[in-house]
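Before any comments, here is the structure.
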Amino acid sequence: MTDKNQTVSMDKIFSLAKRRGFAYPGSEIYGGLAGTWDYGPLGVELKNNIKKAFWESMVYDRDDVVGLDAAILMNPKVWEASGHVAAFSDPLVECKICNERLRADQQDEIKKHEDSHTGKKVEWTEPKKFNLLVEAKLGVVEDAKQKVYLRGEITQGVHVNFKNVLDSTRAKIPFGIAQIGKAFRNEITPGNFTFRSREFEQMELQYYIKPEEQESKKWYEYWKNERFKWYQSLGIKKSKLRLRQHEEGERAHYAKDAWDIEYDSPFGWKEFEGIHHRGDWDLKQHQKYSGVDLTYFDQEEGKHYLPWIIETSGGIDRAALFFLTDAYSEEKDRVVLKLHPKLAPYKTAVFPLLANKPELVKKAKTVYQDLKSKLAVPIAWDDRGNIGKRYFAQDEAGTPCCITVDFETLENDTVTIRDRDTSKQKRVKITELEKSVKT
Ligand code: GAP
């Protein structure tokens, strides 16, 4: 038996994800494409709910953050300026026996590979830098197509619009720009389901502050704390989370300091989200390469400066995976996803007790339609099989409660509500259903 505190195997998560329609291997009928995933009917809701929770807490609940949605394709000079063309790389080594390529800094993978050549001594080539940017070509004339990059981080779209946002809003430092969107990386070893993919989504905040040590310390601590609390607010226990500072040599080229919020996953403590002190790296580089003045005029201090940036950068796919893993629980004969109601793909499900009794079906349909239009959230309908099977299907989908219309409903307009986590049922008046469903 697995309860919510025990470690669940990735095979179980993968099989549940496929079985219930959370995620499938990308382009599966053509044999797949490594490092890509397609989200099914439940997966897209889970991801949308993560994004919604992020946007609510980072933009709507605050007065100092605005949103942005920049293009994926950018002028390639952006990536030269940001340092990604020169320095966005991982160390690649090649096995001299079978030529498989792995990341030199991933000791577990290296060991697994060496073990696979039983009895042979594995030699590796010297590590060489492998750039992770994904290239594409744009244009209609074959020989004159322009090489562009699919963005390796969503970040640069924000920094190149720093001045636009300043000029078109009343933003004053300190303030932030939040963004959600796709990023692409030519990962050497994609793996662990969606954890390391070649196409994935990020949710970020770029927070612009005065270029002062004290100020940056204050805001760095503040954002580490805020983001740590955010994962807890969506149901992850504090004991399954930790903050870890990057060691010297581990930091990305743009970072003065870097901390990861890590999760105690089935494959060890792994990065959920990175919190980075980017200093003035991005604005300084874009100012230099574009020739455009990107300084901020601080009216109170009467001077121009390049602000420093504190960044919070999380992955939606990674978050979806860890929220699923964390919620997974096996109890007696059922699998239950104890997802936080905010994240649950369906907020409730409505059933007629028996599908062959038209009066029950008719009443249940009315309850279903009514609730859908009043709550404006996804609600499931199920009239297949027996009631026990329907409950189990909704438990696996993470639906927090199920509503059943039975014969008593026809007499007194009450229904049963069954709680996902306890399996307990209670009777509720139809007029009070709205209050009983957590969204
Ligand atoms: N703008 C900073 C930045 O991109 P990062 O630490 O490279 O920083 C931030 O990435 C987050 O993006 C990670 O914490 C992770 O959640 C997600 N991420 C990065 N690479 C990923 C990959 N290959 N597959 C899935 N998610 C990834």
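State log₁₀ I(q)/I(0) for the range 336-414 at q = 0.15 Å⁻¹ as given by the Debye formula over alpha-carbon point scatterers of equal weight, solvent excluded.
After summing over all Cα pairs, the log10 values are -0.50.
Counting only Cα, what are the radius of gyration and maximum Cα-Cα distance Dmax of the range 152-293, in Å?
16.3, 48
What does the charge dipole of the range 109-170 about its Cα centre add up to, to the nearest 20 debye, if the Cβ of each Lys and Arg holds +1 and the Cβ of each Asp and Glu holds -1?
The calculation lands at about 140 debye.
What's the magnitude of the charge dipole for the range 207-275 around its Cα centre, counting Lys and Arg as +1 and Asp and Glu as -1 at the beta-carbon? Answer in Debye, nearest 20.
Dipole of the range 207-275, to the nearest 20 debye: 380 debye.
Report, to two decimal places, the Cα Rg of the range 69-165 normalised by 2.2 N^0.38 Å (N = number of residues).
1.50
Could you compute the net charge surrounding Ile387? Neighbours are other residues with a C-beta less than 12 Å from the C-beta of Ile387; K and R count +1, D and E count -1.
+1
For q values of 0.14 Å⁻¹, compute log₁₀ I(q)/I(0) with the Debye formula on a Cα-only model of the range 104-151, without solvent.
-0.60
I need the Debye-formula profile for the chain: one equal scatterer per C-alpha, no solvent, reported as log10 I(q)/I(0) at q = 0.14 1/Å, two decimals.
Log10 of I(q)/I(0), two decimals: -1.31.
Tell me the chymotrypsin sites (Phe, Trp or Tyr not before Pro) within the range 302-380 that lie in a loop according to DSSP and have at most 16 other beta-carbon atoms within 10 Å.
none
In units of 2.2 N^0.38 Å, what is the alpha-carbon radius of gyration of the range 307-439?
In units of the 2.2 N^0.38 Å rule of thumb, it is 1.22.
Bin width 10 Å, origin at 0, all Cα-Cα pairs of the range 278-335: what percent of pairs per bin?
Going out from 0 Å in 10 Å bins, the range 278-335 shows 18, 25, 18, 14, 13, 8, 4 percent.
Stokes-Einstein D for the range 221-328 at 20 °C, 1.002 mPa s, Kirkwood Rh over Cα pairs, in µm²/s?
Stokes-Einstein gives a translational diffusion coefficient of 136 µm²/s.
For the chain, what does the accessible surface come to per residue with a 1.4 Å probe? Please give it in Å².
Using a 1.4 Å probe on heavy atoms only, each residue of the chain averages 49 Å².
For the chain, with all protein chains present and a 1.4 Å probe, just round the carbon and sulfur fraction of the accessible area to a whole percent.
Carbon-and-sulfur percentage of accessible area, whole number: 49.
Could you tell me the center-to-center distance, by alpha carbons, between the range 358-424 and the range 38-76 in angstrom?
Here the answer is 31 Å between Cα centres.
At most 13 other Cβ atoms within 10 Å plus a DSSP loop assignment makes a site exposed; report the longest stretch of the chain without any exposed trypsin sites (Lys or Arg not before Pro).
1-95
Grab every C-alpha pair in the range 151-231, bin the distances at 5 angstrom width from 0 up to the longest one, and report whole percents.
3, 12, 18, 18, 19, 16, 9, 5, 1
Can you bin every Cα-Cα distance in the range 379-439 into 10 Å intervals starting at zero and give me the percent of pairs per bin, rounded to whole numbers?
21, 57, 22, 0
Only loop residues by DSSP count here, and only those with at most 13 other Cβ atoms within 10 Å; note down the GluC sites (Glu not before Pro) in the range 190-246 that meet that.
Glu212
Based on DSSP H runs of at least 4 residues, each adding -39500 (n - 2.57), what is the mean residue ellipticity at 222 nm of the chain after dividing by all its residues, to the nearest 500 deg cm²/dmol?
Calculated mean residue ellipticity at 222 nm is -9500 deg cm²/dmol.
If you average 1/r over every pair of different alpha-carbon atoms in the range 1-73 and take one over that average, what Kirkwood value in Å do you get?
15.2
The values are calculated or read from the model by the stated rules, or taken from the named source; none is laboratory data. Computed from a predicted model, the values in this text were never measured in an experiment. With ideal geometry, Cβ positions are generated from the backbone for all residues, glycine too; neighbour counts draw on all protein chains shown. Surface areas here come from the heavy atoms of the whole protein model, side chains and all, with no ligands, DNA or RNA. Shrake-Rupley method; radii C 1.70, N 1.55, O 1.52, S 1.80 Å.
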